[in-house]
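No lab work stands behind these numbers, since they all come straight from the coordinates. In this text the structure is predicted, and so the values were computed from the model without any measurement. Here the Cβ positions follow ideal geometry from the backbone for every residue, glycine too, while neighbour counts run over all protein chains shown.
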Amino acid sequence: MAGESLRILHTESSLGWGGQEIRVLTEARGVARRGHDVAIAAPEESRILQAAAGYGVEAIALPIGRKSLQGLLAMTGLLRNRRFDVVNTHSSTDSWLASLAACFQRHAPPIVRTRHISAPVPRNFATRWLYRSATRRIVTTGERLRLQVIEETGVDPGHVVSIPTGIDLDRFRPGPAAQARADLGLAVDGRVIGIVATLRSWKGHRYLFEAFAGLADRHARLVVVGDGPQREALEALAKELAIEPRVTFAGNREDVAPWLRALDLFCLPSYANEGVPQALMQAMACGLPVISTPVGSIAEIVEDGVSGVLVPPEDAGALRAAIEPLLADGSRRARLAAAARESALRRFGEDRMVERMLEVFTMVARAARG
């Protein structure tokens with residue numbers, strides 16, 4: 001199969017937009033740029049389907065937002081009518097639909113399941129079939145997630161590989177904070193703390209708000225980039241904590257790099273459902289000191305006290321105790337920032353992710369062809 005173009009189908013049932021969806025499209029774009037035919041099947045109303053064209057990826061609208069007979073028939077029809085060498089599934093619903101649809105194919109393409117988050121895997125017979133038999137390989141975005149999948153499903157360890165998400169290191173790089181703030185309409189003076197994340201409860205915005213409210217520096221500002229179901233609740237919390245004048249809700253941004261460069265400190269106090277957060281890697285690549293929690297595979301990319309600071313999850317007091325001295329100590333911020341940038345350059349490149357995923361796709365395609 002050396003030099004042969006692969007036909008790869010990604011499936012994604014998620015309607016939301018965040019690190020998982022960005023990884024899917026970034027990976028698909030990178031594989032397509034290497035001469036392979038890549039398409040993504042997703043619900044018509046999904047953000048990922050709407051964004052696919054911008055990444056140069058073919059988009060196929062399928063009714064797979066939930067488990068249904070309609071979705072199963074649509075997936076079965078797609079696999080019957082188009083020939084794919086590999087199907088890469090990404091969420092629970094599309095993984096089930098693709099796996100069941102493959103059962104109705106005489107020559108079904110092999111399935112690779114990418115597991116992006118650390119939510120518990122159901123421990124039942126059907127899920128064991130999905131992970132042990134229906135998929136040829138399982139990819140996780142971190143080693144801790146890999147061990148979790150092995151432990152919770154009983155799958156052969158050789159069946160699971162960890163391939164961390166890669167980012168564009170040319171796009172995410174350090175730059176002058178004052179210029180970035182001026183370009184974005186932010187105050188140039190004072191310390192700025194920031195978070196880039198979908199406004200979901202488990203991202204820990206509440207704890208960051210509470211920690212920020214307790215800081216002695218009343219001139220510091222907090223920038224919140226992203227949108228989501230917790231927007232109204234967080235706006236109400238900012239009022240309740242009397243920090244509303246010092247909090248900027250920036251909403252969703254197509255390009256978050258300028259917002260990262262405007263910060264003095266990046267915080268991501270997640271307490272659940274994390275793999276390796278892209279925003280955290282992007283912040284490190286931009287040369288920012290970072291504070292996060294040892295949730296999911298975060299501790300695999302942030303070395304506590306060296307390239308960032310890790311605090312217990314769901315603990316606003318511990319978060320404030322980490323933020324306050326770091327805001328006051330410019331030399332320590334600079335040391336952490338330099339180590340974060342060096343780690344990003346060494347480990348987070350997009351090309352490395354794409355090449356390793358292609359190795360997996362090539363291996364399972366060859367095995368399926370015998």
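For the chain, averaging the sequence separation of C-alpha pairs within contact (under 8 Å, six or more residues apart) and dividing by the residue count gives a relative contact order of 15 percent.
If we count other beta carbons within 10 Å of each Cβ, what is the order of Arg83, Arg47, fewest first?
Arg83, Arg47
Looking at the chain as a GNM with Cα springs under 10 Å, which of Leu310, Leu145, Leu345 has the largest mean-square fluctuation? The residue with the greatest mean-square fluctuation here is Leu345. Kirkwood radius and radius of gyration were both taken over the C-alpha atoms of the chain, and their ratio Rg/Rh is 0.99.
Neighbour counts of other Cβ atoms within 10 Å put Tyr131, Tyr271 in the fewest-to-most order Tyr271, Tyr131. The helix-only estimate of mean residue ellipticity at 222 nm for the chain, built from DSSP H runs of length n ≥ 4 each weighted as -39500 (n - 2.57), is -12500 deg cm²/dmol after division by the residue total.
Lys and Arg at +1, Asp and Glu at -1: add these up for the other residues within a Cβ distance under 10 Å of Leu288 and post the number. The answer is +2. Exposure proxy shown here: for Arg346, Arg82, Arg221, the number of other Cβ atoms within 10 Å sets the order, fewest to most, as Arg346, Arg82, Arg221. Rg/Rh, computed from the Cα trace of segment 314-362 with Rh as the Kirkwood radius, has the value 1.28.
With a ≥ b ≥ c the root eigenvalues of the C-alpha gyration tensor of segment 1-135, is it rounded (a/c under 1.5), prolate (a/b larger than b/c) or oblate? Since a/c stays below 1.5, the shape of segment 1-135 is classed as rounded. Relative to the longest principal axis of the Cα atoms of the chain, the long axis of helix 330-347 makes an angle of roughly 10 degrees. Compared with the dominant Cα axis of the chain, that is its longest principal axis, helix 69-81 is turned about 60°. Taking max minus min of the alpha-carbon positions on each principal axis, segment 1-78 gives extents of 38, 27, 16 Å, largest first. The Rg/Rh ratio of segment 177-347, with Rg taken over Cα atoms and Rh as the Kirkwood radius over Cα pairs, comes to 0.92. Taking Cα pairs under 8 Å and at least six residues apart, what relative contact order does segment 1-82 come out at, in percent? About 28 percent, as a whole number. Angle check, please: helix 19-33 long axis (alpha carbons) against the longest principal axis of the chain (alpha carbons), in degrees 0 to 90, nearest 10. That helix lies at roughly 60 degrees to the long axis.
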